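K.L.:
Submitted below is the structure of interest, expressed as C-alpha cells.
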C-alpha cells in the first residue's frame, strides 16, 4: 500500500513533465524562447536549412500576457522546440515622410489622357514600324 501511495504522489509531481498519448507516455519537449541575435550556431544552421528562401512567410505574431507582442519563427529539434524572436521592419511612414523620401505622389495637373510628354504611337496602328520582315500583307 505504501508503494501505491508513493507511485501516485510521484505521478502527481511529474505529471506536468509528461504527456499521455494513446496509453503511451512521452517526454514533453523543452520549449525555449531565444532572440535571433543570441542563437547557437546549430539553431542558425537549422533555420538556414528549414527556410532556404527566407522565413518571411513563416513569421508568427506572439502575444504576451501583458498585451505586448513579438514576431518569431519556430525551429524544432528532437528534444527542444525553439521560438526564435526575429526583428520585423514595418514601413509606417506618414504622408509627409513618404513624399520626402520618394517624391510627390500627387497627380495634380495631369489629365486622364496625359502621357507626360511621351508620344503614344499605338493610337495610330499604321504608323508603327514592321518588326517582321518575312510578313507579307
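Just so it is clear, none of the values below were taken in a lab; they were calculated from the coordinates. Note that the coordinates shown come from a computational prediction; the quantities given were computed from them, not determined experimentally. Cβ placement follows ideal geometry from the backbone for every residue including glycine, while neighbour counts extend to all protein chains displayed.
K.L.:
Please order 37, 29 by the number of other Cβ within 10 Å, starting at the fewest. Write down the numbers at each step before the final one.
P.N.:
Numbers: 37 9, 29 14.
Fewest-to-most Cβ neighbours within 10 Å comes out as 37, 29.
K.L.:
Right, something else. Find how much the distance from residue 74 to residue 3 grows on full extension, using 0.36 nm per residue of separation minus their present alpha carbon separation; answer in nm with one decimal.
P.N.:
Details: separation 71, 0.36 × 71 = 25.56 nm, distance 4.19 nm.
Full-extension gain reported as 21.4 nm.
K.L.:
A further question follows. Taking neighbour counts of Cβ atoms within 10 Å as a proxy for exposure, in what order, fewest first, do 66, 81, 35 appear?
P.N.:
66, 35, 81
K.L.:
Please work out how much length the chain gains when fully extended from residue 37 to residue 97, using 0.36 nm per residue of separation minus the C-alpha to C-alpha distance, in nm with one decimal.
P.N.:
Once the chain is fully extended between residue 37 and residue 97, it gains 18.6 nm.
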